[in-house]
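Taking it in order: structure first as structure tokens, then the write-up.
The values are calculated or read from the model by the stated rules, or taken from the named source; none is laboratory data. Bear in mind that the values here come from a model prediction, so they are computed numbers and not experimental data. Positions of Cβ are backbone-derived with ideal geometry, glycine not excepted, and every protein chain shown enters the neighbour counts.
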Amino acid sequence: MAQADLTKQLRGLRPLPACVRHVGDLRDLARRRLPRIVFDYLDGGSFDELTLRANEADLAALTLRQRGLVDNHARSARTTIAGRPAAAPLALAPIGLTGVIASLGELRAARAAESFGVPYCLSTFATCSLDDIASATASPFMFQLYIFKDRGVNEALVERARAADCFALVVTIDSNVLGRRHRDARNGLTLPLRWTVRMALDCASRPAWSLDWLANPRKVLGNIAPFVGENPNLGDCSAWVEDNFKGSYDIGDLEWLRSVWPGKLIVKGILDPDEARLALDLGADAIVVSNHGGRQLDSAPSSISALAAIREKVAGDTEIIFDGGIRTGLDVLKALGLGARSCLIGRAYAFGLAVAGEAGVHAALRLIAEELDLAMGLTGVRDVTDLPDGLVH
């Protein structure tokens, strides 16, 4: 399907149910709609999922200082993210295979982010391509890059990101090897992708999702397909990725990216203060404190427990973006209070995407932004860019 025709496919999956009051409601509805193999891919983590659970639990354990004798009726959540204005301190995180959650999932998410006024980040392993997103949206977006063995492939992806008018390149450094995800293995989701009878029966048990997937005009990895061969399928693309993934990153990779990428360079996957400082010294404009949503190194610290030490190490010299466990606006305020400029949300918006397409993503953003505003009102915060000391305990 031509890129110009994609927007004709972008209709909501169904109206957003009136019962949705919280991101947790979206998760419950997504579980009912998605085949188990897809829901577990989205919801699960690596090994025993200790870090996955810690991301949310450690955020929940923090407390906010309540203050009532402050005139903050005119509150502002506006900020900037990598130099771009944002209506709230939120951005949509890169999620691989978003188009498996809902047809043309990346396009739906990007359009929802654009209408809400926050940035969107496209994954290297998206089903839609850089060109697809650029053709369907007017706002510049970010591109998340994985490093491959062939520097020519990396250079081609960087050049396509430049041609698509991406304002930031997000290089992920915590996925040099793939974390072992037991849920995926039990469900038969492995690389390279191969359909089994069990998987087919699982998908058939969710007919609404199955019809949506069959109608999806993008059943490949859109950014990878040009390197694979003529008319590749999703299995072909995943096999290529398995053969060509670099397997380790080094300082030279980051130095090279800084030399060829003229825009903002963001390093994602930082949990160590010394590595945060190293990324800054190598030319990063921002860092993302992240453990990949608990999907890589199980028993790594929660993102929120690593944030304060990283903030102290970089001493205000770079922008910090937080990623890991954000489900509510209170979580956002806690992360900002400990030193982040903004937060990435991943699963939270993906649950909404599964439920109601573009409208579901917009709903996830709205719910979190409304909760953030309420939390600001009850803590005496006037502006997310000027938070009082001692806000978070």
> Restricting to the range 125-141, what's the tally of residues that are surrounded by 23 or more Cβ atoms within 10 Å (Cβ to Cβ) and assigned to a loop (DSSP other than H, G, I, E, B)?
Replying inline: 4
> Looking only at the range 179-211, which residues are surrounded by 15 or more Cβ atoms within 10 Å (Cβ to Cβ), of a type in the set (A, V, I, L, M, F, W, C) and modelled with pLDDT under 90?
Replying inline: Leu189, Leu193, Met199
>> Please count how many residues of the range 278-296 are assigned to a loop (DSSP other than H, G, I, E, B) and either touching a Gly at 6+ places or on another chain (Cβ under 9 Å) or farther than 29 Å from Ser259 by Cα (or both).
In response: 5
>> Go through (1) among the acidic types (Asp, Glu); (2) buried (at least 24 other Cβ atoms within 10 Å of the Cβ); (3) not in a helix (DSSP H, G or I) for Glu358 and report which single condition fails.
In response: (3)
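Each row is one residue, and each column tells you yes or no for (1) of a type in the set (Gly, Ala, Ser); (2) out of contact with any strand residue (DSSP E or B) (no Cβ under 7 Å at 6 or more places or on another chain); (3) part of a helix (DSSP H, G or I).
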{"residue": "Ala276", "(1), (2), (3)": "yes, no, yes"}
{"residue": "Asp298", "(1), (2), (3)": "no, yes, no"}
{"residue": "Ile310", "(1), (2), (3)": "no, no, yes"}
{"residue": "Lys313", "(1), (2), (3)": "no, yes, yes"}
{"residue": "Gly325", "(1), (2), (3)": "yes, yes, no"}
{"residue": "Asp331", "(1), (2), (3)": "no, yes, yes"}
{"residue": "Cys343", "(1), (2), (3)": "no, no, no"}
{"residue": "Ala350", "(1), (2), (3)": "yes, yes, yes"}
{"residue": "Ala354", "(1), (2), (3)": "yes, yes, yes"}
>> I need every pair where a residue in the range 379-393 that is part of a strand (DSSP E or B) has its Cβ under 8 Å from the Cβ of a residue that is of a type in the set (S, T, N, Q), sequence separation at least 6 or different chains.
In response: Asp383/Ser76; Val392/Thr63
>> Is it the case, given these coordinates, that Ala93 is within 14 Å of the chain's Cα centre (by Cα) and of a type in the set (A, V, I, L, M)?
In response: yes
>> Please count how many residues of the range 343-357 are touching a helix residue (DSSP H, G or I) at 6+ places or on another chain (Cβ under 8 Å) and either among the aliphatic types (A, V, I, L, M) or under 19 Å from Ser76 (Cα atoms) (or both).
In response: 8
> Which number in (1) touching a strand residue (DSSP E or B) at 6+ places or on another chain (Cβ under 8 Å); (2) among the basic types (Lys, Arg); (3) under 21 Å from Pro119 (Cα atoms) marks the one condition that Arg382 misses?
Replying inline: (3)
> Out of curiosity, is Arg218 touching a helix residue (DSSP H, G or I) at 6+ places or on another chain (Cβ under 7 Å), over 30 Å from Arg31 (Cβ atoms), touching a residue at least 24 places away in the same chain (Cβ under 8 Å) and crowded, with 17+ Cβ neighbours inside 10 Å?
Replying inline: no
> Taking the range 92-109 as the search range and keeping residues that are in a loop (DSSP other than H, G, I, E, B) and touching a helix residue (DSSP H, G or I) at 6+ places or on another chain (Cβ under 7 Å), which one is surrounded by the most Cβ atoms within 10 Å (Cβ to Cβ)?
Replying inline: Ala102
> Tell me, which residue of the range 373-393 that is over 25 Å from the mean Cα position of the chain (by Cα) and of a type in the set (Val, Ile, Thr) is surrounded by the most Cβ atoms within 10 Å (Cβ to Cβ)?
Replying inline: Val381
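Select the helices (runs of 4 or more DSSP H) contained entirely in the range 146-250, then report the ones holding at least 1 residues which are in contact with a Cys (Cβ under 8 Å, 6 or more places away or on another chain) and of a type in the set (Gly, Ala, Ser).
Working: elements: 151-163, 182-187, 197-204, 207-214, 225-228, 234-244.
The qualifying helices (runs of 4 or more DSSP H) are 207-214, 225-228.
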